[in-house]
Ligand SMILES: [Zn+2]
């Protein structure tokens, strides 16, 4: 199969990386993968941005396929940049292509979740309790509304579970449920070529973000903690013998266990940084940003608060931090 023009990926028989550049984004690219000799399985879809569908079609055609050859789409998790084009692909192919997603992320892709633009009163309350200024909350809200436009909600989905296997001519994919980035996040292991398709669970150039869960009514486990679960999911991959990791964004990876070791160290260091900042002064989440993140790009304050909260959840559980004042705003204190 032909290599892609934006980022070099190793040539692997029966695997076509389709790499869509995302200029100006720290994700660098949206990576989707077509596996098999045809009909093919598509792993993720990318965002509904101008030209993306046509580009995917061209890349498929360069390998002798077309959208009509997609037998199924596997969505690694329910974020817009991983399923946003699924409905458009169904329309363009003239077929109701089955789309598989883990049951814990089904609600994320459904129309119901987008009725409010994936923005909720809980979110607004939470950010206010974190002491985010109203003007900043408005920016976060605008960003949610903007992202909403880059996907079509997906109601008609098929459910996949940990251990499920998808096979076809030239591939054998096993689903590995790796919650943390989202509750229903999954990796896929292709055993013939020893490739792990890691979605947003493993990324080379940035540390994947186990996102905070504010709207908890959809969670199966009421005590779910994103980062704690994410770290357990890393351990789950320790036994996977992957020669190559093909992520949802950016470059491919050769050293899976090395990169996972780096993540564990990074999160531990970040927890210590937060603890030290709170030791200097008790404060709400938003007021920790300056001490923990030297540079937060415009509009990314939401992600910074999310990072802080998921680390704080572990510090609270470990008894290194406690609630100093229930607020508003909610103040935390180091012990
Ligand atoms: Zn994601």
query = Considering the stretch 60-88 alone, what residues qualify as being away from the ligand (no atom under 16 Å from the Cβ) and either assigned to a loop (DSSP other than H, G, I, E, B) or more than 30 Å from residue 180 (Cβ to Cβ) (or both)?
reply = 60, 61, 62, 63, 64, 65, 66, 67, 68, 69
remark   = Of 227, 232, 335, 316, the only residue that is modelled with pLDDT of 95 or more and surrounded by 19 or more Cβ atoms within 10 Å (Cβ to Cβ) is 227
task = Read through the list (1) surrounded by fewer than 17 Cβ atoms within 10 Å (Cβ to Cβ); (2) assigned to a loop (DSSP other than H, G, I, E, B); (3) more than 16 Å from the ligand (Cβ to nearest atom), then give the number of the only condition that residue 205 fails.
result = (3)
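Is it the case that some residue within the stretch 117-127 is closer than 15 Å to residue 84 by Cα and modelled with pLDDT of 90 or more?
To start, the set of residues in the stretch 117-127 that are closer than 15 Å to residue 84 by Cα comprises 117-118.
From what's left, modelled with pLDDT of 90 or more: none.
No, there is no match, as no residue in the stretch 117-127 is closer than 15 Å to residue 84 by Cα and modelled with pLDDT of 90 or more.
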ask   = If you go through the stretch 167-191, how many residues are within 16 Å of the ligand (Cβ to nearest atom), in a strand (DSSP E or B) and surrounded by 24 or more Cβ atoms within 10 Å (Cβ to Cβ)?
value = 3
inquiry  = For the list (1) under 24 Å from residue 125 (Cβ atoms); (2) touching a helix residue (DSSP H, G or I) at 6+ places or on another chain (Cβ under 7 Å); (3) in a loop (DSSP other than H, G, I, E, B), I need the number of the one condition that residue 223 fails.
reply    = (2)
ask   = Is it true that residue 256 is surrounded by fewer than 14 Cβ atoms within 10 Å (Cβ to Cβ) and either within 15 Å of the ligand (Cβ to nearest atom) or at pLDDT 95 or above (or both)?
value = no
inquiry  = Scan the stretch 89-108 and tell me whether some residue there is within 16 Å of the ligand (Cβ to nearest atom) and assigned to a loop (DSSP other than H, G, I, E, B).
reply    = no
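Against the definition (under 18 Å from residue 41 (Cβ atoms), within 16 Å of the ligand (Cβ to nearest atom) and not in a loop (DSSP other than H, G, I, E, B)), how does residue 56 come out, yes or no?
Numbers: under 18 Å from residue 41 (Cβ atoms): yes; within 16 Å of the ligand (Cβ to nearest atom): no; not in a loop (DSSP other than H, G, I, E, B): yes.
Here the answer is no, as residue 56 does not meet what is asked.
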inquiry  = Being assigned to a helix (DSSP H, G or I), crowded, with 19+ Cβ neighbours inside 10 Å and modelled with pLDDT of 95 or more is the requirement here; does residue 304 meet it?
reply    = no
key: Subset of the stretch 143-153 that is in contact (Cβ under 8 Å) with a residue 24 or more places away in the chain and in a helix (DSSP H, G or I) - its residue that is farthest from residue 286 (Cα to Cα)   = 148
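Just a yes or no: is a residue in the stretch 227-234 more than 30 Å from residue 15 (Cβ to Cβ) and under 20 Å from the mean Cα position of the chain (by Cα)? Lay out the reasoning, then the answer.
Taking the stretch 227-234 first, the residues more than 30 Å from residue 15 (Cβ to Cβ) are 227-228.
In the following step, the residues that additionally are under 20 Å from the mean Cα position of the chain (by Cα) were identified as 227-228.
Looking for residues that are more than 30 Å from residue 15 (Cβ to Cβ) and under 20 Å from the mean Cα position of the chain (by Cα), one finds at least one in the stretch 227-234, hence yes.
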request  = Could you identify the single residue in 22, 85 that is touching a helix residue (DSSP H, G or I) at 6+ places or on another chain (Cβ under 9 Å), closer than 20 Å to residue 150 by Cβ and surrounded by fewer than 24 Cβ atoms within 10 Å (Cβ to Cβ)?
outcome  = 22
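The values are calculated or read from the model by the stated rules, or taken from the named source; none is laboratory data. Just so it is clear, the model here is predicted, and its values are computed rather than measured. For neighbour counting, all protein chains shown are included, and Cβ atoms are generated from backbone atoms with ideal geometry for every residue, glycine included.
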